[in-house]
Amino acid sequence: MRAFDLAEDRGMLNFAREHKSEAGYLDVAANAHGAEKGLLVHRALGRVEAARPHVVEIGPGGGAAVDHLAAQLAAEPHQDRGVRLTLIEAPGVVSRSLAEAVERFNRVGECVLRHGFAQDLADLLVEPVEVISASALLHEVYSYGGGYPGLHAMMRTLPAVLTPGGFFCYRDVFGVEAPSLHERVIQSYNSRSWLAFLRMFTPQYLSEGRHPYHHAEDELVARQNSRIVPVSELDPATCAVITAPVGLFREIQRHYLTFRDQVWRSGALGFTPVLDGELAADWIDFRAGHKRVHYRLTDKVSRLPEQRQIMLAAMSEPYGDHHTIDSDIFDLLTDVALIAFLGAAEAGDAECARVWESWLLREGRETYAYLTLDHLLTAFAVHSAEAGTDTLLLPAQDGDIARVDRHYYNRFLGKRLANPLPDAKHLVLFRNIPREDTASLRRAFDVVRDHCGKPSLARIYAAINRGDNGTP
């Protein structure tokens with residue numbers, strides 16, 4: 001999602017527009033998982049009755065979902081519905097791969113690209129539409145658009161720009177399996193690269209990022225050798241035991257993965273793994289997250305010690321113009337390079353510091369796990385009820401809530417952390433259900449019952465029955 005552009009003159013600080021919209025990011029890193037991004041849209045189109053349904057995608061990135069939807073429509077026996085697709089991207093953001101995806105979609109439907117801000121959605125659409133799709137929209141709204149108030153305002157806007165019975169398709173990072181993001185847990189870290197990352201990233205995130213961990217009971221307490229130490233002074237050579245909210249650990253874990261991948265893409269370690277396309281999915285065992293990594297050597301100085309470089313070469317096989325290696329071995333060897341990279345960045349090495357700062361600007365202030373699934377479903381129901389449309393946003397039937405595990409990342413995390421949190425994406429298909437459709441509301445309540453606690457169910461019930469902000 002790159003449509004939520006946030007300029008300082010709109011009172012929205014710290015959004016790295018230049019880094020978020022650079023071609024290398026949109027055309028490569030933000031142009032994956034098209035089938036996953038487009039799954040709910042295709043499913044929603046099968047449930048709307050409009051002759052020429054209108055779909056809006058907010059923040060199309062590199063166009064992966066556009067391509068997937070075009071392929072799905074082309075494969076259908078009847079293409080007489082004339083699907084209209086409007087893409088909303090931030091002003092000034094241009095992607096070559098997106099432009100090509102728009103051309104391909106126009107062979108099976110009608111696709112237009114408009115530039116504007118996601119928070120101005122009601123002004124950008126001249127009439128309500130049948131389907132709206134977004135990936136990672138809400139965590140950027142939360143991080144850059146006013147925290148929870150901005151998040152809730154977006155939830156109140158959506159029912160007004162959807163037709164009654166329309167759908168909002170949402171995909172984002174999975175939160176945590178806990179009643180609350182503020183539940184305190186204990187984690188231990190003995191990996192040098194993770195400890196170095198904790199020391200560099202966590203103080204910056206807590207001081208500059210928009211996050212909800214401000215209460216006294218949210219304090220992060222780190223211990224090494226049984227002594228409390230500031231997280232900024234962690235010794236990467238000593239195991240650390242840290243107590244903090246589970247949501248904060250979720251942030252640290254997710255940010256480490258995005259940091260590692262960006263350093264890999266940069267080539268600063270002396271090699272560049274292939275992280276996108278068919279070669280990135282060369283699975284040995286998909287369910288176990290075990291695969292072959294394809295990589296190329298760069299002309300930059302390797303961050304691996306000479307002995308490790310020899311081992312990397314010995315463990316690899318030639319594959320065309322590059323090499324391939326078992327992912328477990330590759331992860332183990334390249335951890336050493338990451339340790340050297342972080343040390344160099346901290347010491348002021350120009351190239352390493354540039355890559356670190358670039359990642360920090362793009363990703364380092366964002367909060368991914370702003371809501372558990374329980375709280376997400378409840379917030380949508382309660383705040384959509386306040387929109388004045390006489391509709392509510394709720395998943396309406398079984399299968400409208402799905403979780404897609406990231407098997408490779410989970411395998412990697414399981415080998416590095418004592419108690420890793422599961423890495424996954426959540427997919428939720430919300431229907432804009434009219435209040436008068438009591439049968440659909442009853443089914444929707446049954447759907448969310450399996451995912452929400454009793455207090456949340458009470459708030460949803462109150463919202464359905466016109467309670468004030470979910471309070472009976």
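Structure notes:
- Other-chain or far-sequence residues with amide H under 5 Å of Val176's (modelled H): Leu373
- Cα-based Kirkwood hydrodynamic radius, the range 110-216, one decimal, Å: 17.1
- Sum of side-chain charges, Pro164 neighbourhood, beta-carbon under 11 Å (Lys, Arg +1; Asp, Glu -1): -2
- Beta bridges from DSSP with both residues in the chain: antiparallel share about 65 percent, rounded to the nearest 5.
- Taking each DSSP H run with n ≥ 4 as -39500 (n - 2.57) and averaging over every residue of the chain yields -12500 deg cm²/dmol at 222 nm.
- Nearest-0.05 FRET efficiency for Val185 and Asp398, computed from C-beta distance (R0 30 Å): 0.45
- Ratio Rg/Rh, restricted to the range 200-355 and using Cα atoms, in which Rh is the Kirkwood radius: 1.02
- Rough spin-label spacing in nm, given labels placed 7 Å along Cα→Cβ, for Lys300 and Asp261: 1.8
- Converting the Cα gyration tensor eigenvalues of the range 392-472 into ellipsoid dimensions via √(5λ) gives semi-axes, longest first, of 33, 15, 9 Å.
- Over 28 Å (Cα to Cα) - which of Lys37/Lys291; Lys37/Lys300; Lys425/Lys454 fall in this group: Lys37/Lys300
- Check: the range 184-362 dipole with +1 on Lys, Arg Cβ and -1 on Asp, Glu Cβ, in debye: 300
- Taking 10 °C and 1.306 mPa s as conditions, the chain diffuses translationally at an estimated 67 µm²/s according to Stokes-Einstein applied to its Kirkwood radius (Cα pairs).
- Cβ crowding within 10 Å, taken as a proxy for footprinting-reagent exposure, orders Cys452, Cys169 from fewest neighbours to most as Cys452, Cys169.
- Working note: Debye formula, equal point scatterers on the alpha-carbon atoms of the range 224-275, no solvent; log10 I(q)/I(0) at q = 0.18, 0.19 Å⁻¹ is -0.78, -0.82.
- As a proxy for reagent exposure, His294, His182, His323 were ordered by neighbouring Cβ count within 10 angstrom, fewest first; the result is His182, His323, His294.
- In the chain, taking the dipole from charged Cβ atoms about the Cα centre, the farthest positive-side position among Ala153, Thr391, Ser316 is held by Thr391.
- Taking the number of Cβ atoms within 10 Å of each Cβ as an exposure proxy, the fewest-first ranking of Trp359, Trp264 is Trp264, Trp359.
- Taking 0.36 nm per residue of separation and subtracting the Cα-Cα distance, full extension of the segment from Ala51 to Asp349 would add 101.3 nm.
- Derived scalar couplings ³J(HN,Hα) [the range 277-286; Karplus, 6.51 cos²θ - 1.76 cosθ + 1.60; whole Hz; x for Gly, Pro]: x, 5, 5, 6, 10, 8, 7, 8, 8, 4
- Along the range 86-101 the Karplus relation, 6.51 cos²θ - 1.76 cosθ + 1.60 evaluated at θ = phi - 60°, assigns HN-Hα couplings of 10, 9, 10, 10, 5, x, x, 8, 10, 9, 4, 5, 5, 4, 5, 5 Hz to successive residues, with x for each Gly and Pro.
- Computed FRET value (nearest 0.05) for Ser232 with Ala281, which takes r as the C-beta separation and R₀ as 45 Å: 0.70
- Angle between the chain longest axis and helix 438-449 axis [Cα atoms, degrees, rounded to 10]: 20
- Averaging the sequence gap over all C-alpha pairs within less than 8 Å and six or more residues apart, then dividing by the number of residues, gives the range 184-362 a relative contact order of 20 percent.
- Amide H contacts under 5 Å for Gln397, placed H, 5+ residues apart: none
- Over all projection directions, the Cα-based convex hull of the range 269-326 averages an area of 4.4 nm².
All of the numbers you see were taken from the coordinates with simple rules; none came from a lab. Bear in mind that the values here come from a model prediction, so they are computed numbers and not experimental data. Heads up, the Cβs are rebuilt from the backbone with ideal geometry, glycines too, and the neighbour counts pull from every protein chain shown.
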